Amino acid sequence: MKLTKKRGIVALVVLVLVAAWAGISYATNTPPFKKPKGTIEAGELCPSFGGSREAADILNRILPYATSYRIPPEEGERRTPDPRDTSHNSWCYVHGDGRLLTVHTEMRGGETEKEWQDRVRNIVRSGGSEPFDAGRWAFTTSTRKAAAVYSACIPYDNAGLSTYIRLRDPAPADRLDDLRRLAAIAAEQAHESAGCTVPADTPLNG
């Protein structure tokens, strides 16, 4: 076989292999054809975040890679203006490759800090806790998968709002403050949405 013919066959084989590799890379979304990470805009957020640009920026920093994100309509019910109404409940989800984040707020009454923290930790199932400054009480979990804030709301039955953020994957190690701030934004929005009549950080016996 002539040398030029051999070179032609080798070149053809290489071309076929490169084309096959490129096709597989594109189909499986791996480098160098990996699609860019999707982004969340403030206008796409559920009411739990109140259309906050800051919240959208935080979500774009802490959520794991997905080519796009989807936020279904929020579920739940808002508290009525009746001062004796202690019902307020909301659920918000962010989907990408599966459910990536849950935001939940509910009105509670008569709980101590330990009772509230134990109850929320049992729900999020996410390790030990570390307090931070927000609302009446607040904590993040040691796994960096959850943050929660309890805010005072109305004097009737000493009712307050329990808000937590639960992530499917841990927030990046350098983004713990972002997770805390996201929970605080959701808690602040819940305090406004529920028409609370006392400041969010009112002490239990204040």
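Residues in the stretch 56-71 carry Karplus couplings, in order, of 4, 4, 5, 4, 5, 8, 9, 6, x, 4, 7, 6, 7, 10, 9, 10 Hz; the curve used is 6.51 cos²θ - 1.76 cosθ + 1.60 with θ = phi - 60°, and Gly or Pro positions show x.
Among the protein heavy atoms, those of Y156 account for about 110 Å² of accessible surface (1.4 Å probe, every chain in place). Taken as Cα centroids, the stretch 171-201 and the stretch 75-125 sit 12 Å apart, rounded to the nearest whole angstrom.
List the relative contact order of the stretch 73-203 as a percent without decimals, with contacts defined as Cα pairs under 8 Å and 6+ residues apart.
Details: 275 pairs, mean separation 31.7, N = 131.
Averaging sequence separation for qualifying contacts and normalising by length gives 24 percent for the stretch 73-203.
The values are calculated or read from the model by the stated rules, or taken from the named source; none is laboratory data. None of these values were measured; they are calculated from a predicted model. Areas reflect the complete protein model, heavy atoms only, side chains present, ligands, DNA and RNA absent. Shrake-Rupley method; radii C 1.70, N 1.55, O 1.52, S 1.80 Å.
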